[in-house]
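First comes the structure, then the notes that go with it.
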Amino acid sequence: MHTRSYFTVRYAETDRMGIVHHSNYPVWYEIGRTDYIKSFGISYSEIEEAGILFPVTNLSCHFDRPARYEDEIVVRTWALELKAAHIQFTYTVKKINPDGSQEELGYGTTEHGIIDSKTFRPVSLKKRMPELYEKIKATF
């Protein structure tokens, strides 16, 4: 299962050449990840209120073509791997052309630990939030 997050490139995201600066892609991945989690009927805030954090432990971005100011963008997000205290997400970033076709601009992954918000020690999502764990696991 995957989600799609849609938005328009904002001027502040571009550099002097009018091209989206590479530092925005991780922010876009976060938009996708947040929407992915919401698709299971829970928000990141609710996960944090339950005492769980998902810190980024690894990030990769691959750029094929540039995005520009006012481009319509879709970020497709899905979980690639889920273990008790680790989750990996994959993303594709595409431009939506005026004719509705999509052009891949890049892709990436993020890896996250699953930790207790007070101790910062690894915790098992399977034990702490078994329903969410099973919902995500069922998408593989």
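The values are calculated or read from the model by the stated rules, or taken from the named source; none is laboratory data. Just so it is clear, the model here is predicted, and its values are computed rather than measured. Cβ placement follows ideal geometry from the backbone for every residue including glycine, while neighbour counts extend to all protein chains displayed. All accessible areas refer to the heavy atoms of the entire protein, side chains included, with ligands and DNA or RNA removed. Shrake-Rupley method; radii C 1.70, N 1.55, O 1.52, S 1.80 Å.
Worth pointing out:
- Among the residues listed as GLY100, GLY32, GLY106, the single one being closer than 19 Å to ARG4 by Cα and either touching an Asp or Glu at 6+ places or on another chain (Cβ under 8 Å) or of a type in the set (Lys, Arg) (or both): GLY106
- Consider the stretch 21-51 and keep the residues that are within 14 Å of MET129 (Cβ to Cβ) and in a helix (DSSP H, G or I). The one that is most open to solvent (accessible area, probe 1.4 Å) is GLU49.
- Taken over the stretch 52-72, the criterion of being in contact with a Leu (Cβ under 8 Å, 6 or more places away or on another chain) and either among the hydrophobic types (A, V, I, L, M, F, W, C) or in a strand (DSSP E or B) (or both) is satisfied by ILE52, PHE63, ALA67.
- Qualifying positions in the stretch 103-140 - of a type in the set (Lys, Arg) and closer than 30 Å to GLU72 by Cβ: LYS135
- Inspection of the stretch 68-81 finds a residue satisfying the criterion of being within 27 Å of MET17 (Cβ to Cβ) and of a type in the set (Phe, Trp, Tyr).
- Residue among ARG65, ARG76, ARG16 that alone is open to solvent by 40 Å² or more (accessible area, probe 1.4 Å), of a type in the set (Lys, Arg) and farther than 15 Å from LEU105 by Cα: ARG16
- Whichever residue in the stretch 108-124 is open to solvent by less than 50 Å² (accessible area, probe 1.4 Å) and closer than 13 Å to ALA50 by Cα and, among such residues, is nearest to the chain's Cα centre (by Cα): ILE114
- If the condition is being without any contact (Cβ under 8 Å) to a residue 24 or more places away in the chain and either farther than 25 Å from LEU125 by Cβ or of a type in the set (S, T, N, Q) (or both), then the stretch 55-96 contributes THR90, THR92, LYS94.
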